[in-house]
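Comments concern the structure below.
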Amino acid sequence: MSLLPLEDIPGPLPASTAGPAPAPAPVPFRLPSAARLVTKVLTLLPLLLIAVWAAVDWRAMYDGATRLASADPWWLLAAFFFTCLGWGTAALVRQGAVPERLPTGLLIASQFAAGAANHALPASIGAHAVTLRFLQGRGIPLARATASLALYSLVRPIAKTLVLLVFLMSFPEILRSGQLVPQGWSLVLAFGGMGAALVTAALLLAVVRPLRRPVLRCFRTALTDVRQLHTMPSRILALWGGAAAAPVLQATVIFSVGASLGVPLSWPQVVLAFLAASTAVGAVPAPGGIGPVDAATVFTMVAFGAPMELATASVIGYRVLTVWVPLLPGALMLSALVHRKVL
């Protein structure tokens, strides 16, 4: 046993101050923040998409602009006015698909920006992606934001079909069913395509187990939100009223452009032609519906008695006003919203 007093043991010796100080550890090289890089890429991506789009579709833009140069400017001004109303209508439908109150100015700005993204990707993927980011930025969870997009996508074709039926019942004398309603193999292919899509979706849910749970969760969330929304009269009016007004406004833009060029069709004829065309081929996954809807609209306008060249020029002018004119401002708005972290 040691006889040394433990409490008298000295502490550790102080470090020597003599000699050079140790060299600081080298600071590791760090790459820029991933979020910062993504923000810069997303800011420049819309402008790049515009350049690609202009290189691919410059002929349509040139022809449409040439035709519009000789058109009646007052009718073109009316067409531009109805185009602007379309962005407000899109914002109205988006607001009607969520119970929370969204900021009006930012909502309209996001839909204006979503229009630029919508014309770059097929099946409205671009517009849905912009809206999804906007809703998440407002604090809405991902499941509920996705459910609102699904509700929006479901309500729009239903409302369009109801409006088409109302026009058919209101103006039966202008319908030439033999020229507009598909017959024979066209009907077989249409219903066969719809059936194949439903069967494919059912098989994916039955076979792919990791896909089943999120889809069912999203479906239950959507049902909950639908029940809540339909107890709010303001949301019902915004959702269904906006969805019904949207295709009528689009057709009114075509009518105004056609009137500026001298197309001999009445407003109900042009609206019915656009509704029939977009209902028949609107599900084709083309960017912004450009292509199939345009061709079908020209076909239906010619079936109602419009000259082919004027019907084609009207649809091209409609695309110039609704796609090309707002494309650059919409892309700049999209970049600004990304830069300000609204999206």
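The values are calculated or read from the model by the stated rules, or taken from the named source; none is laboratory data. Since this is a predicted model, take the numbers as computed values, not measurements. Positions of Cβ are backbone-derived with ideal geometry, glycine not excepted, and every protein chain shown enters the neighbour counts. Heads up: the accessible areas ignore ligands, DNA and RNA and are worked out on the full protein's heavy atoms, side chains in. Shrake-Rupley method; radii C 1.70, N 1.55, O 1.52, S 1.80 Å.
Between C84 and T224, the simple spin-label model (points 7 angstrom out along Cα→Cβ) gives 4.1 nm.
To the nearest 10, the accessible area of E173 is 130 Å² with a 1.4 Å probe. Taking every protein chain into account, the 1.4 Å probe leaves W324 with about 40 Å² of accessible area, to the nearest ten.
Take each of the peptides 230-241, 82-93, 253-264, average the number of other beta-carbon atoms within 10 Å over its residues, and list them starting from the highest.
Values: 230-241: 14.7, 82-93: 20.4, 253-264: 23.4.
Order by mean packing, descending: 253-264, 82-93, 230-241.
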